[in-house]
Structure formats: structure tokens, C-alpha cells
Amino acid sequence: MSFNVRVLSADRFADRVAMVLKERTDEPGQRLCLPTGSTPKPVYATYAAGGGDLTGTTVFLLDEFGLTPGGPARCDAMLDADLLARLAAPPARLVTWDTTTPDLTAECGRMEEEIAEGGLDLALLGIGMNGHIGMNEPGSPVDSRSRVVDLHPATVEGAARYGADEAPAWGVTLGIGTLLESRSIWLLVTGSAKAEILAKALKGPETPQVPASFLRRHGDITVWADEEAASQL
Ligand code: GLP
């Protein structure tokens, strides 16, 4: 499968991606999966400052840490702080994960059902330093569905960087199979630290050891990379 790689200078990255995201969300009825973390932060800030409007859009949160609700490192808290709280109005609908339920398997099933109702028009993703997408850690099968996952040590460290005061051992995530059913996928990658893993994902073998390598199976994927992240392509 082919994929588009759009390489942008670091200083234009947020503006450009926010602009195309705004074009997309100006179309009513969009169903979007959104990630959290450091990569989308500047895009979200620019999108919100530029009048981004999700009032016609249903938003699904990509993944969630098994952390006590309310803490700053929770993905729902990050999405709120980085994007939703900056908008003039909330999205038409926001679908997040209840990690406090005793039946997490049922919760993941609910997420699959909600997505299946109309599919995802666009999944925005980041990539972890170990090649994960969402919380699909190395070893995740290409046909994986939404589920509870054990976190890789690097992902647990990531949670600490996001301000977690406890170390999450697990998370819930849309599966790779779930994400590959989205009509379009955009992978956002910035910074030199991600150059090696991005090259592996796009040019190395397709393998569960680098979950992002499976994105190449999708027919409509755009990789938005800044020059540093694209330096090994
Ligand atoms: C985190 C999240 C992913 C995110 C990735 C990269 O652990 N689970 O959804 O895309 O790792 O994060 P960052 O953008 O902070 O490098």
C-alpha cells in the first residue's frame, strides 16, 4: 500500500496540520478519533486559536490510562486541557473510556459498538518511541480490537512525563484492526527523537514488533512529519 508523507518545517507544522484539521471538521457529521500526548498539543492549540469548531463532530478518545479519573496525565484530562477547554463550544458528541467499571471488557465492547455505528472518518494518531499506536504496544496483532493492555515501561515513563503521580500498569485502547477500518488515517510525528522509529515504521518490515508498521496496509494514510522526524526517511 502507498502512503503520503508530508514533510513540514517545525515552525509550520502546527499551522498546517491545524488548517487541514479545520477543513475536515468544517464538514458536518465527521467522526474523529483523537490522540493525546505531546505531539498533537501545538496542533490543538493552533486549531482552537484559529476558530476550530467541533460542534458538528463526534470525537472518540483513542486510548486511556488505567489511572484514577481527574489526574492530569489521564488522556481525557489532556484532551480537555489541550483542546476541548480551548474551544468556544464542546463537540457534538464526545466518547471517552470509563476505566472505573468492573467490566473493562464490556467497556471496550461498548467502544467498538459506538464506533461501528458509523465508523471513523479520520483517525489521528501519534507514534510512541517503541512504535506503538494508541496503546497498541509491540507484540500487538494487526487484527487487534479495542481491549485492555499491559503497558510497556516506556509508556509508563511517558505517563510520568504527562504528570501522573502514580504509575499506570495498564490502559485501554482502540485496536490496530479497529484503527485500520477508519476511512482515513493521519499519523503525526515531530522531533528528531522519533526519526528512527518513524523510518522503521515506514521502511522496515511490517511486524507486530513495530505496531505502526501495520499502518502501511491502509489505503489512505497521510504521515505528517516535521523535518527532524523525517530525517531518516
Ligand atoms: C502515548 C499515547 C499515544 C501517543 C504516543 C506518543 O503513550 N498512548 O496515543 O500517540 O504515546 O506520545 P507523544 O506524542 O507524547 O510522544
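Based on the mean of other Cβ atoms within 10 Å per residue, sort peptides 24-34, 101-111 so the most packed one is first.
Put in order of decreasing packing, that is 24-34, 101-111.
Taking the centroid of alpha carbons for each part, region 39-64 and region 78-123 are 13 Å apart.
Over the chain, with every protein chain in place, what whole percent of the accessible area is carbon and sulfur at 1.4 Å, could you tell me? Using a 1.4 Å probe with all protein chains present, the chain comes out at 51 percent carbon and sulfur. Give the lysines reachable from Lys203 as a straight Cα distance under 20 Å; neighbours fewer than 8 places away on the same chain don't count. In chain and number order, the partners are Lys194. Under 25 Å between alpha carbons, and skipping anything fewer than 8 positions from Lys22 in its own chain: which lysines qualify? Cross-link targets: Lys41. With both residues required to sit in the chain, DSSP beta bridges show an antiparallel share near 30%. Computed over protein heavy atoms with a 1.4 Å probe, the accessible surface of the chain works out to 42 Å² per residue.
With a/c under 1.5 counting as rounded, go ahead and sort region 61-218 into rounded, prolate or oblate using the C-alpha gyration tensor (a ≥ b ≥ c being the square roots of the eigenvalues; past the cut-off, prolate if a/b is larger than b/c, else oblate). Working shown, then result.
Numbers: a/c = 1.36, a/b = 1.20, b/c = 1.14.
It comes out rounded by the Cα gyration axes.
The values are calculated or read from the model by the stated rules, or taken from the named source; none is laboratory data. All values reported here derive from a predicted model rather than from experimental measurement. Because the Cβ atoms are built from the backbone with ideal geometry, glycine has one as well, and the counts that use them run over all protein chains shown. The accessibility values were calculated without ligands, DNA or RNA, using every heavy atom of the protein model including side chains. Shrake-Rupley method; radii C 1.70, N 1.55, O 1.52, S 1.80 Å.
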